[in-house]
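One structure is given below, encoded as structure tokens.
The values are calculated or read from the model by the stated rules, or taken from the named source; none is laboratory data. Since this is a predicted model, take the numbers as computed values, not measurements. Every residue, glycine among them, receives a Cβ derived from its backbone with ideal geometry; neighbour counts consider all protein chains shown.
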Amino acid sequence: MSAPYDEIADWYEDEFLTDRSEDGLPMSDPIGVDGSLCEMLGQGVGASLEIGCGTGTHAARVRGLGWSPLGIDISAGMLRHARTRLPIAQADGDCLPFGDASFASVVAVMIHTDVSDYPAVLKDAWRVIAPGGCFVHVGVHPRFCGGFADRTDPQAIIVRPGYLDSHWMKASWTDRGLRDKVGATHTPLPVLFRSFVEAGFVLDRFKEGGEPIPTVLAMRALKPQ
């Protein structure tokens, strides 16, 4: 397998994620990714799968909440950094190499814009979650991020035409982020919500992160008993 992140894996680990401890825990949480993950996942026990684990920087937080993390990613370059932080496997999120009901929880942190078919990822996540388990989504906020949103001035986000269109883009308001390097798939909010429902999940909790205008949207969805 090859993935766009293979080419930037070292930059991502060494330069993009600079404000983190050796085990990956954030030293600060400016847009609320870590706080959203903690609140949506909560304390628990059992195996927790992270889809698109990247360099494994969320594993320490998941472990600290009591869960036993395991990560998959399609990028060998990213997994090269993740292997010291959690058990890993190279796999695609819409074709998980695990049996039905294998995990008490599944998390996906800041990855839904990196996959071409997030509804397919949600459907396979539903399959591997045990009844009564949860899926935690933490992603960029569809309403205020993407190629249609100019965040040059954090006090006045400019939303241009394009939000209602589901499409892949490489346009970005900054050349110091990820999207100008690997692109992004944009999914409008109603389409994102519908994808969870069609996969079989029951939406349970929501949280927005980042100020003064949200950057992150987090959701907790349940697989019924």
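Side notes on the structure shown:
- The one condition in (1) assigned to a loop (DSSP other than H, G, I, E, B); (2) buried (at least 19 other Cβ atoms within 10 Å of the Cβ) that CYS95 fails to fulfil: (2)
- Taking the criterion of being part of a helix (DSSP H, G or I) and closer than 19 Å to LYS207 by Cα, the residues of region 7-50 that qualify are VAL33, ASP34, GLY35, SER36, LEU37, CYS38, GLU39, MET40, LEU41.
- If you filter region 160-205 down to residues that are at pLDDT below 95 and acidic (Asp, Glu), you find that the one that is surrounded by the most Cβ atoms within 10 Å (Cβ to Cβ) is ASP180.
- Qualifying residue in region 137-145 (condition: of a type in the set (A, V, I, L, M), assigned to a helix (DSSP H, G or I) and touching a residue at least 24 places away in the same chain (Cβ under 8 Å)): no
- Residues (among the hydroxyl-bearing types (Ser, Thr, Tyr) and either more than 11 Å from the chain's Cα centre (by Cα) or at pLDDT below 95 (or both)) located in region 90-126: SER102, SER105, THR113, SER116
- Inspection of region 56-65 identifies no residue that is assigned to a strand (DSSP E or B) and either buried (at least 18 other Cβ atoms within 10 Å of the Cβ) or not aliphatic (A, V, I, L, M) (or both).
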